[in-house]
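Engineer: Sharing a structure with you now.
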Amino acid sequence: MQNGWNERWDALADRLAKMTLERIPEMATYLGVHDYDHQVYDYSEPARDAEIRALYSLLREIESIPRHQLSPERALDYALAEGDIRHRLIDLEAWRSWTHDPDTPNSFVVGGIFTLAKRAFAPPEERLKAVIARLKQAPTMFAHARRQLTEPARLPTEIAIQQVRATVGFFERSLPAAFRQVTDTSLWNEFEAVNREVIQTYHAYAQWLEDEVLPRAEHPFAIGERLYSLRLKYGEGVDMPLDRLMEIGRTELERLQQEFSATASRIDAHRQPREVFEQIAQDHPSAGELISFTQQMLEELRQFCIDRDVVTIPSDVRCQVEETPEFMRELTFASMDTPGPFEEVATEAFYNVTLPSPDWSPEDIEGHLRAFNRYNLTAISIHEAYPGHYVQFLWLKHAPTRLRKMSGSYSNAEGWAHYCEELFMELGYGADDPRYRLAQLHEALLRACRYVAGFGMHTQGMSVEEAKEVFIRQAHMEPINAEREAKRGTVDPMYCNYTLGKLLLLKLREDLKRKQGAQFSLRRFHDEYLRAGFPPIPLLREQMLGEVGDVL
């Protein structure tokens, strides 16, 4: 009967994948599935109610299949799909983010348009028609958002106002520039007309948020202990008491602080650790040099992966460093924009770096650039490119199933990239210059503070100001950057997943090394880990170790 169960699962998995792509067309475009490029996410309540019914129906079907009767890869997909559905239902039924986060429609609109503009997977005229179709539907999405924003939270509203206003520049400048080569006059005129309407919609929405929503934005941003636990359980496969998880995070923060102090003493034993770091932070490229400086260092990092047999890099295609798009600047220092795993034409990848804004004060510009000092920037580039996010997404095309290419875990993706920073130091990168280790520890302290701040703000009543102080005191951050990190935590409650994922991965590696003994190969471990896609790490433990056991 096993083959019958496998066939039944395959049919169900295909239906789940199709339903997801149809429900979220913007996601389909990003993944490289272009059957839905003219459609948008239906923001209406009836559509959400229908989605809830469909998800429960799929969940009942999944639970009717005995997981132990499936092949190993299908069994992993079974657990992944079940967790994904339950995780989605948490937002749809309990958290209902659209009732208090005003940036949700902006994220859908600009995200869906950006991929069409950025990736040349089809002739520009064809992509512009899809852009026009989505632009025409944007005002309706914002109209739904206005009606549904019943419990706004203050800080997310302030962030949304900044994000929405920053995104206007994308529609005014970047989007028209992306299609300048289009010569069809009627098509261009249609685009300009609908684009003007969307720009007006954005201006009006931002003004409405400021004038009418902000004065009544009193809903707490914190998701609370119950939803935090459920997100960890179904999104990351971690089912542990929150107080135990918080203890683990604080222990890691303390360990990193001790190593940071010891490393700073190696550089200058007569100065305080923060003073030592502030000294090396002054060694940074200028705003005009930052992009080219970052691009040059990537080849050295890639070669280190090869020379030290760290991981197989399954493509010779290099990623290109570019400035972060306007609509992502408010909360992002650096990020990786990779092609979707189903994309066959537009396979270029972009490493985005946020430049300081020209209207900032000289002090704020300097504070921002100090976070991109040459030593920190090395750790950031290990995280984003080699062997971090970029290499992981190169492997994603080789994931064994369709679902595995579409669904993944926050703590797996960010945990891998963060783990890579520490891995390079373990393998001797920059061993003759402790400033590289100090910078890597500085980045690790930042992630550990996200862990503590995320738990604190969302489950323990920590204020944003208190979180900001955590980043200043514990991660030695400039105030402008610490404030950005604290604010991010109000709308990204699970940014604990950087450190959580690293710790899950380290535990898996050590347990596998203990089990395999002399047969353990670091590169084989990394390749097997990446080949699986990025499901929750506890699911990978079950597959790679044959058991779950203690995940931390």
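Engineer: Return the lysines within reach of residue 18: Cα separation strictly under 19 angstrom, same-chain partners fewer than 8 residues apart disregarded; answer none if there are no such residues.
Structural biologist: Partners within reach: 397, 405.
Engineer: Which order do 211, 283, 364 fall in if you start with the one that has the fewest other Cβ atoms within 10 Å?
Structural biologist: Arranged by neighbour count, lowest to highest, 211, 283, 364 become 211, 283, 364.
Engineer: Can you report the principal axis dimensions of segment 48-133 using only the alpha carbons, biggest first, rounded to whole angstrom?
Structural biologist: 49, 35, 18
Engineer: Let me ask something additional. Cut-off is 10 Å between beta-carbons; in what order do 544, 457, 240 appear when sorted fewest neighbours first?
Structural biologist: Fewest-to-most ranking of 544, 457, 240: 240, 544, 457.
Engineer: Using 7 Å Cα-to-Cβ label points, what is the residue 320/residue 545 separation (nm, one decimal)?
Structural biologist: So the label points at residue 320 and residue 545 sit 4.3 nm apart.
Engineer: Tally Lys and Arg at +1 and Asp and Glu at -1 over the other residues with C-beta under 11 Å from the C-beta of residue 107: what net charge comes out?
Structural biologist: Taking every other residue near residue 107 into account, the sum is -3.
Engineer: Here is a further query. For 184, 84, which order do you get if you count the other beta carbons within 10 Å of each Cβ and list the fewest first?
Structural biologist: 184, 84
Engineer: Starting from the Cα of residue 143, step 7 Å toward the Cβ, then list every residue of segment 186-209 with an amide N under 15 Å from that point.
Structural biologist: 197-198, 201-202, 205
Engineer: Stokes-Einstein D for the chain at 4 °C, 1.567 mPa s, Kirkwood Rh over Cα pairs, in µm²/s?
Structural biologist: Roughly 53 µm²/s, to the nearest whole number.
Engineer: Need one number: % antiparallel among DSSP beta bridges in the chain, to the nearest 5.
Structural biologist: 40 percent
Engineer: Identify all lysines with a Cα-Cα distance to residue 468 below 21 Å; exclude those on the same chain that are fewer than 8 residues away in sequence.
Structural biologist: 487
Engineer: With runs of 4+ DSSP H residues as the only contributors, calculate the mean residue ellipticity of the chain at 222 nm using -39,500 (n - 2.57) per run, divided by the residue total and rounded to the nearest 500.
Structural biologist: That calculation yields -21000 deg cm²/dmol at 222 nm.
Engineer: Hey, another quick one. What trypsin sites (Lys or Arg not before Pro) does segment 165-227 have in DSSP loop regions with at most 11 other beta carbons within 10 Å?
Structural biologist: When the trypsin sites (Lys or Arg not before Pro) of segment 165-227 are filtered for loop state and at most 11 Cβ neighbours within 10 Å, 180 remain.
Engineer: Can you list which of the GluC sites (Glu not before Pro) found in segment 285-391 are DSSP loop residues with at most 16 other C-beta atoms within 10 Å?
Structural biologist: Taking segment 285-391 and a limit of 16 other Cβ atoms within 10 Å, the loop GluC sites (Glu not before Pro) found are 289, 344, 348.
Engineer: What lysines sit close enough to residue 502 to cross-link, taking a C-alpha to C-alpha distance under 19 Å and skipping anything fewer than 8 places away on the same chain?
Structural biologist: Of all the lysines, those that pass the test against residue 502 - Cα under 19 Å, at least 8 places apart if same chain - are 233, 513.
Engineer: Taking the Cβ of residue 435 as the centre, find all other residues whose Cβ is under 15 Å away and add up their charges (Lys, Arg: +1; Asp, Glu: -1).
Structural biologist: Charge balance in the 15 Å sphere: -3.
Throughout, read-outs are computed from the coordinates displayed, never taken from laboratory work. Worth saying up front: this structure is predicted, and the values here are computed from it rather than measured. Heads up, the Cβs are rebuilt from the backbone with ideal geometry, glycines too, and the neighbour counts pull from every protein chain shown.
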